[in-house]
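Notes to accompany the following structure.
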Amino acid sequence: MRYADPLLCPDCRTALPTGAPVCPTCSLLVRHPLAVDLFGTLQRADGILARLRTASDAAAPAAPALTAPMPAGRAPSTGLPSYPPPPPTTPTTPRTPPTSPTSPTSPGPGGVSFASVPKILLGLGAFCLLVAAVIFLAVSWSSLGVGGRTAVLAGLTLTAGVAALLLHRIGLRIAGESLVVVALGMLALDVVGAGAADWFGDLGAATIACAAGGVVALAAVPLGLVRVAAQPRLVAPQVVAGIALLVGYVGAVGATDHWLLAGHLVVAVGIAVVLLARRADAPVLLWSGAAATGLGWLGTAGAGFVESVLTPDLHELWVEGSGWSLLVSAAALLVPGAVARHRDVLLAGASGAAMLVTVVLTLPCVDTDARTVGLVALGTTAAWVLALGVLPRPARVVAFAPAGAGCLVLLSLALETTGTALDRWSNVSEVFDRPFGVRLTSPEAATEPLLLVPSLLTVLGCVALVDRGRARRALPAWGRVAGLVTGVGVATTVATYDVPLAAPLAVLTIVALGALGLALLTTGVEATTWAVVGAVTAAGVGMGAMPSEALVLANLAPLAAALVVLAVLGRQPATRVVAGIGAPAALGLAAAAAAVVVADDAAWVSVPVLLAVGVLALALPRLEVEVPAVVVAGLAFPVSLATAADPGGYAALWLTVAGCLFGATALLHEARRACAIAGTALLLLASWVRLADLDVTAPEPYTLPLAVGLAGLGLWRLQRSAAVGTLEALLPGLLLATVPSLLWVFGDPVSLRALALGAGCLALTIAGAALRWSAPLVVGASIGAAVVLRELGPYAGEFPKWVWIGLAGALLTVVGITWERRLLDVRQAVGFLGRLR
């Protein structure tokens, strides 16, 4: 029934539980009298729909096979069908919709579908039959004679095959698929058993496997192509055909010494199977045969390539046959495109074939010297790259594979040349231990260094021509990249000869300067890219020049200047960031080299480095400059400290300079006011390190000059900007001038120093009060109070105890009176506010 279904809700069509008075989904009253009336109406609608369908089938055009038979005793009507009058709308007796004792349930999403059951059962059955056949042959074979064995093998195979076809004929396809697998498996066992029984002579296991694969493939192909009683083709034999072909290939390779020839024969058979499957429109057989053929081709071509590489002389290639084998494999790559009649597939196969032919023709040069190998690889690759540029657009695909393979060979040769140059540099890589004219000597290059630059340019051309249209539009950019690659290649080439180290470094310096210049002139991503290239090349120059401090200074000085200029004038924010990161390192290393060149002593290196990067950070107050500057200065400090004759004095000097730089940063740049704290701490630490090192009893000669300098800078800052407070501008200098002396006063309160410090604090307090400056007032009052308390300390024990008690009482009384007075003021204010309207 379509409408009147007693098991479903008439509104939401949800399955109703047994005896439920209300639908659990939409809450419809399914036991209400109106529901009974609705059920009767739906039943009448089902009857009317059935009669309408019968009339429609009778009035349809002549289609006897599709016309439903008329009920017995009813003649077909030629006009409009006549319907009996509808029954009354209200039934005389209420009817209750019948209920089902069990509500229908739908299968869960994780259950096994009904159609899968026979597949599972028949698959297990086929597997059991094959296992039983194997056990039977293993156990009972020796007890059977030749006739019995033949009868058993033929009977089981024939029975399984005929049963598979008969079951498939009557529509039991799954059963037919299972039994045909059993039949083909028994056929393979027949061949293996016959070979084991020496029916065909003394054959090896590989020959038996080849025969079994071939026989099964010969049987599986027709079984997969035949149609029985207009039923669909069996799929299992089509799959088994590819597997059998692959087994036959493996057996053929092991059964004969001419394994390349055997591989080509199997590939030819596979191609024939693919062509037959395409002609018969059997896609499963086509893909199965294509997969087996592809694996066979890979095995044959790979084996031929390995043999050709191991024995690359002309006799082995063209007389023994490995070269001809690769040519045949190359020709086979054209078959898929020809069979599929697809242009792109044909061009891709032609590209692979061109690569194989190129390999075959150039392999004999591997047995010669390195120069010949490089020349042949360069010439061949350049020819294919040129083909990428001149061939029509559809045919360019042919050049992709050989050009890519040639580029890989050229890159491997370039890496070997680069490795030789690095080995020569590592022999003279002691830090600051060589003269300016240090020369590069052994080892000698195994490849031809002069081919490095054209090889790199050929690879670059191949990359550019992958998208020829875009390469034309970006031709200037590719020209600049070619210049960069040429420069790096020239430097590497020069480094492979017995030349001074300064020669390749000079070339790399020119390349880095050019890259930084392009970063300054270009915009967008290209500018950032050139900035990164320039910074990285500058880092390489710095590392390469480390054997000689003179080389470092000569090469890094212009590079550091270029990085600073780019950090200031760069058009892109990212460009300025990159240059800002690289500038402190280059400038610091150049300063270190200059210090060593001038003083010939590494003990004082870190102070010039600190001054150089500190001044740079003062001039460019940006995080990308300041953080690398701090890192560079921190790395240089322990190097000098380890070689200094007076570590304490040197550490005090370095800390003093660092503190001054931090203080200057806080004074000059409003956003860096917090640096004043670090500067003060460094200066105090410097003073104490130096004093502890020298056992000095008078710190003022060391602290007062720096304090005067900081105070002077603070006063200059106050004059320039009215928004700067005295605490920010004057506090570091005032603390440096007073705190060290105060610490000495604590140890010797009755001294001229205490008198001078007290007088100075009094002067600061009066000046701060008169000028309304908080810094001198706070420092003078606090330091002066500390001096007074320290002077009072020796006499505190001589006062009577009642004096201290009286002072405490007086203090408490004053605090209490003040508190009460403030409380009274608050109450008066509250009363005043309450009287306001």
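Some notes on this structure:
- Note on the stretch 651-755: enclosed helices (runs of 4 or more DSSP H) holding 3 or more residues that are polar (S, T, N, Q) and under 18 Å from I783 (Cβ atoms) are 726-747.
- In this structure, A354 does satisfy being touching a residue at least 12 places away in the same chain (Cβ under 8 Å), in contact with a helix residue (DSSP H, G or I) (Cβ under 8 Å, 6 or more places away or on another chain) and under 20 Å from G302 (Cβ atoms).
- Restricting attention to the stretch 385-397, the residues being under 32 Å from the mean Cα position of the chain (by Cα) and under 17 Å from T362 (Cβ atoms) number 1.
- Any hit, the stretch 222-229, residues being surrounded by 15 or more Cβ atoms within 10 Å (Cβ to Cβ), hydrophobic (A, V, I, L, M, F, W, C) and modelled with pLDDT under 85: yes
- Matching residues in the stretch 399-415 - criterion: being in contact (Cβ under 8 Å) with a residue 12 or more places away in the chain and loosely packed, with under 15 Cβ neighbours inside 10 Å: L411
- Those helices (runs of 4 or more DSSP H) lying entirely in the stretch 493-578 with at least 2 residues free of Cβ contacts under 8 Å to residues at least 40 places away in the same chain and within 17 Å of L616 (Cβ to Cβ): 549-569
- Summed over the stretch 480-506, the residues that are crowded, with 18+ Cβ neighbours inside 10 Å and within 19 Å of V428 (Cα to Cα) give a count of 10.
- When S455 is tested against (1) buried (at least 17 other Cβ atoms within 10 Å of the Cβ); (2) without any contact (Cβ under 8 Å) to a residue 24 or more places away in the chain, only condition (2) is not met.
- In the condition set (1) surrounded by 16 or more Cβ atoms within 10 Å (Cβ to Cβ); (2) β-branched (V, I, T); (3) within 31 Å of the chain's Cα centre (by Cα), V596 is compliant with all but (3).
- For P732: the one exception among (1) free of Cβ contacts under 8 Å to residues at least 24 places away in the same chain; (2) within 20 Å of L685 (Cβ to Cβ); (3) of a type outside the set (A, V, I, L, M): (1)
- G321 being at pLDDT below 80 and out of contact with any Pro (no Cβ under 9 Å at 6 or more places or on another chain): yes
- Single residue of I766, I783 found to be over 24 Å from A686 (Cα atoms) and assigned to a helix (DSSP H, G or I): I766
- Selection count where residues are out of contact with any helix residue (DSSP H, G or I) (no Cβ under 7 Å at 6 or more places or on another chain) and under 17 Å from G296 (Cβ atoms), scope the stretch 219-233: 0
The values are calculated or read from the model by the stated rules, or taken from the named source; none is laboratory data. Keep in mind that what you see is a predicted model, and the values were worked out from it rather than measured. Here the Cβ is made from the backbone with ideal geometry for all residues, glycine too, and neighbour counts use every protein chain on show.
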